[in-house]
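Each value in this text was obtained by applying a stated rule to the coordinates, not by laboratory testing. Fair warning: this is a prediction, and the values are worked out from it, not measured in the lab. Cβ placement follows ideal geometry from the backbone for every residue including glycine, while neighbour counts extend to all protein chains displayed.
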Amino acid sequence: MIDQAQYLRRYMEEYKKKKESNVQKDIRVISVASGKGGVGKTNFSVNLAIALKEMGNSVMVFDADLGLANVDVIAGVVPKYNLYDVIFNNKRIEDIVLDGPKGIKLIPGGSGIESLSNLDEDQITSLSSEFGKFKDIDILIVDIGAGLSKNVMGFMAVSDEVIILTTPEPTSITDAYGLIKVALKYVPEGRFHLVVNRALDKKEAKIASTKICDTVTQFLSKEINYLGYVIDDVSVKKAVMQQTPFKVLYPKCSASICIDNIASEITGLKKQNGNGRNITTFFNKVAYLFSRL
Ligand SMILES: Nc1ncnc2c1ncn2[C@@H]1O[C@H](COP(=O)(O)OP(=O)(O)OP(=O)(O)O)[C@@H](O)[C@H]1O
Ligand SMILES: [Mg+2]
């Protein structure tokens with residue numbers, strides 16, 4: 001684990017030094033992770049993508065959760081192929097990308113995520129150029145799943161920002177802290193945000209976020225940015241049952257309003273970002289990094 005952490009840091013330093021020239025748009029890569037499973041990452045990712053799209057951004061969601069990939073279920077689309085087919089079955093990226101609700105795009109990772117660690121140079125080059133076809137994406141939201149696996153760490157390392165999702169429950173808080181602690185070994189320079197999902201109200205969310213942010217500052221000497229909260233709202237479950245994002249079905253429900261607030265917060269932070277990367281360089285980075293983890 002430590003060797004991998006050292007490798008990851010060295011890799012990121014070398015990568016930063018490399019000058020990148022390209023004609024594609026800069027993208028902002030935001031990954032969504034949690035310590036504990038089932039806290040609402042996939043719902044959050046898809047609905048946040050819709051909110052950001054409504055604000056005028058071109059948004060894509062990449063389902064990189066190897067465990068329980070289910071962006072498609074939440075978004076109500078049916079993938080025929082996934083990233084694996086692009087890598088091994090000569091499918092083009094156009095064959096796997098799905099048009100999601102409200103104009104967002106979805107990429108199902110599926111078993112292709114696991115394969116990212118076994119790619120040869122040619123496969124890396126062709127995968128990166130396939131992703132280069134998405135020239136106009138402004139924001140890529142990556143649902144990277146729960147836990148501390150090396151895939152999770154890898155995606156955190158290549159993202160501009162990581163949103164850690166937790167609920168106010170003590171087990172979720174403890175696991176969120178555990179995730180941040182391990183992640184900081186791999187990505188000490190990472191930019192971490194916190195979102196409290198399923199909060200009863202603003203106050204409960206604030207108490208939970210303060211516990212995590214203060215503990216991280218005290219014991220890990222790192223600042224975590226509290227981005228906001230999403231109310232525990234029965235509309236979320238109702239929307240899941242209908243396989244339609246709550247932002248679409250209930251645009252004015254409490255959870256939707258919370259998501260809109262978080263989207264505004266994220267957009268407001270945009271200026272601090274500016275690493276001049278595009279979608280090809282992002283996937284290049286993913287593929288190279290994973291092939292060495
Ligand atoms: N804000 C919310 N209010 C009420 N229920 C919610 C909320 N967010 C999530 N849920 C419930 O939690 C369930 C799990 O959500 P989701 O599938 O998004 O979690 P996940 O973190 O992606 O899970 P996994 O770790 O398995 O990928 C949803 O089906 C829904 O019933
Ligand atoms: Mg999920």
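Each 5 Å bin from 0 upward holds the following percent of the Cα-Cα pairs of region 113-259: 2, 8, 15, 17, 17, 15, 12, 9, 4, 1, 0. Less than 5 angstrom separates the built amide H of VAL187 from none of the residues sequence-distant by 5 or more or on a different chain.
Taking each residue as 0.36 nm, the span from LEU269 to ASP26 lengthens on full extension beyond its C-alpha to C-alpha distance by 85.9 nm.
How big, on average over all directions, is the shadow cast by the Cα convex hull of region 92-187, in nm²?
Details: hull surface 31.4 nm².
The orientation-averaged projected area of the Cα hull of region 92-187 comes to 7.8 nm².
Label-to-label distance, LEU148 versus GLN4, with points set 7 angstrom from Cα along the beta-carbon direction: 1.1 nm. Short-range pairs are left out: with C-alpha atoms under 8 Å and at least six residues apart, the relative contact order of region 26-288 is 28 percent.
For region 129-168, the set of chymotrypsin sites (Phe, Trp or Tyr not before Pro) satisfying both a DSSP loop assignment and a count of at most 12 other C-beta atoms within 10 Å is empty. Largest GNM mean-square fluctuation among ASN151, ASN261, ASN43, using the chain with Cα springs under 10 Å: ASN261. Every helix of 4 or more DSSP H residues in the chain counts as -39500 (n - 2.57), and over all residues that averages to -15000 deg cm²/dmol at 222 nm.
A rounded overall shape is assigned to region 1-155, the ratio a/c of its alpha-carbon gyration tensor axes (a ≥ b ≥ c) being less than 1.5. The C-alpha atoms of the chain occupy a region whose extents along the principal axes are 51, 43, 33 Å, arranged from largest to smallest.
For the chain, the membrane-span-like helices by this rule, meaning whole DSSP H stretches whose C-alpha atoms cover at least 24 Å of axis and whose Kyte-Doolittle mean is -1.0 or above, are 170-186, 202-220; this says nothing about an actual membrane. Taking the chain as a Gaussian network of alpha-carbon nodes connected by springs under 10 Å, the highest mean-square fluctuation of the residues GLY154, GLY40, GLY103 belongs to GLY103. Comparing PRO170, PRO245, PRO101 in a Gaussian network model of the chain where C-alpha atoms under 10 Å apart are linked, the largest mean-square fluctuation is found at PRO170. Among beta bridges identified by DSSP and lying wholly in the chain, the antiparallel ones come to about 5 percent. Counting only residues at least eight positions apart within a chain, or on another chain, the aspartates and glutamates with an alpha carbon under 19 Å from that of LYS181 are ASP3, ASP160, GLU161, GLU169, GLU189, ASP214, GLU223. Taking amide H atoms as placed 1.01 Å from N in the peptide plane, the amide H of ASN278 lies under 5 Å from those of ILE27, each 5 or more residues away in sequence or on another chain.
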